[in-house]
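A short reminder: the numbers here are calculations on the coordinates, not readings from a lab. Everything numeric in this text was worked out from a predicted model, so none of it was measured. Neighbour counts are summed over all protein chains in view; Cβ atoms, including those assigned to glycine, are modelled from backbone coordinates with ideal geometry.
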């Protein structure tokens, strides 16, 4: 299983992903830059944001009200934004490609 | 010049007043350095430290608060996970959330999520503005105040009380329980007596609240807290919710209070910077991050190697204590250009690890940031000029400052400030 994380400048990082880890964990544990995850996966900091296209979003559980509230709280404006700590990796997401913001905080 | 090779970091009485030269001495030995005493390995590298913080599979938080003291067991074999888990009972210090490993840590942290939701934080911030003014009213006519005891400590205490939904009629009692910072975490004078622990009093309050709300649920934060379930749907024991709540007071106080004092210390000494922030309040956010980087309130935390591994160039045996030198990681020249200079315009100030990293990173970081912002905003609004009180700290060329006598906590024990009230 693989996930590709693309930085805002286009640099791509493809990792061998582990099922059971979140998309955030698969990034930070493989040293992918650009996902800060200050709160370690509690959905309280909003610094693991990614942008996910509609095809991939359709294969994931929709964001919970908590996730949406946090995205609003950190003033994320894009509608395709997700918190990577809230997306569990599984086989349906093999080949997932996500984009990362230029900065995780203003 | 002091010979650092002879210094025991954990008992030396002089280091807390000026720890950075010692950390620089450690950094010169590489990303990780083995201390001659107590078998501790000190981590000073930003990258190495961040990787350890994010690797809970290999590094346990069992000793996060216990530090370098001898383990209550003799490590055996290639993986000491089971030994760690079978030696938690009986000692409060191994039963705090900050010391837990997954999966128990994950379950417990889940209980806190509702408290730190954006909705709750917004409500809490409203309370902060009101509270700050009330506290400032107590000394605005005096022209001077001591920021730790007269402002920051009651402020941090009551902010957490409000966050947890403690009824206002009990706020006075909570303030009294914490009328001084009491014994310092990681004292260089040895461990303190458990019976002096104010958290036990707080825990007793929460046992009462939680039992009451479970019996008589109503529309309040304490009811939400009382009824929050573990991810598997089970209801936690009352005692566990109470001790978690009490822990939040400890976590939310000491660190925030010290950083508030550090910020005012910096601004009291550098009046031009103070003026710049007053004129452009949008700088307060990055100023706070730079203050957290330079003066992190927790200068060192601990991890325990569960398995055989390597850190930097060193081979690490299971059971080895790692000291995570946050104060050194935050000044790693590989990460921060000109790291010992306070630069309010520093672009990557917020990359600091003052709140840690990984699964144990401070869940209250957004709260602390809001508290520090409200503190500065309201002090600036109510006071025209804030300076160091020379009657208490001496003249500019010969100041007298005392720091917490601790190998964990960094910050002034007291900071007296003189001011003119705003017109």
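Among B:187, A:84, which comes first, then next, by fewest other beta-carbon atoms within 10 Å? If you can, show how the numbers build up before the last one.
Numbers: B:187 18, A:84 25.
Sorted ascending by nearby Cβ count, the order is B:187, A:84.
Quick check on the protein assembly as shown: helices-only [θ] at 222 nm, where DSSP H runs of length 4 and up contribute -39,500 (n - 2.57) each and the sum goes over total residues. Nearest 500, please.
Details: 18 runs with 189 residues, N = 529.
That comes out to -10500 deg cm²/dmol.
Taking beta carbons within 10 Å but only from partner chains, what does the mean come to for residues B:53-63?
Values: counts 2, 6, 2, 1, 1, 0, 0, 0, 0, 0, 0.
Counting other chains' Cβ atoms within 10 Å and averaging over B:53-63 gives 1.
How would you order A:65-75, B:405-415, A:8-18 from highest to lowest mean count of nearby Cβ atoms within 10 Å? Mind dumping the intermediate values first?
Values: A:65-75: 16.2, B:405-415: 21.9, A:8-18: 12.8.
Descending packing order for the listed peptides: B:405-415, A:65-75, A:8-18.
Over the Cα atoms of region A:2-99, what radius of gyration and what Dmax do you get, in Å?
12.2, 32
Neighbour counts of other C-beta atoms within 10 Å: give me B:309, B:157 arranged from fewest to most. It would help to have the intermediate numbers written out before the result.
Numbers: B:309 17, B:157 25.
Result, fewest neighbours first: B:309, B:157.
What is the P(r) of chain B, as percent of Cα-Cα pairs per 20 Å bin from 0?
Result returned by the calculation: 25, 58, 17, 0.
In whole Å, how far is the Cα centre of region B:207-233 from that of region B:331-364?
37
In peptide B:359-366, how many Cβ atoms from other protein chains are near each Cβ within 10 Å, on average? Walk me through the numbers on the way to the answer.
Values: counts 6, 1, 9, 5, 5, 2, 5, 8.
For peptide B:359-366, the averaged partner shielding equals 5.
Just counting partner chain Cβ atoms within 10 Å, what average do the residues of peptide A:41-47 show around their Cβ? Let's see the in-between values first.
Numbers: counts 5, 9, 4, 15, 7, 2, 2.
Neighbouring Cβ atoms belonging to other protein chains average 6 per residue here.
Rank by packing, highest mean first: peptides A:35-46, B:392-403, B:198-209, with packing defined as the count of other Cβ atoms within 10 Å averaged across residues.
Working: A:35-46: 24.2, B:392-403: 12.1, B:198-209: 18.4.
In descending order of packing, they fall as A:35-46, B:198-209, B:392-403.
If we restrict to alpha carbons, what Rg and Dmax does region A:32-85 come to, in Å?
Here Rg and the maximum Cα pair distance are 10.7, 28 Å.
Quick check: Cα centre of region B:53-115 to Cα centre of region B:1-45, how many Å?
Taking the Cα centre of each part, region B:53-115 and region B:1-45 sit 25 Å apart.
Looking at the calculated P(r) for the protein assembly as shown, what percent of the C-alpha pair distances fall above 42 Å?
Numbers: 24349 of 139656 pairs.
The share of Cα pairs beyond 42 Å in the protein assembly as shown comes to 17 percent.
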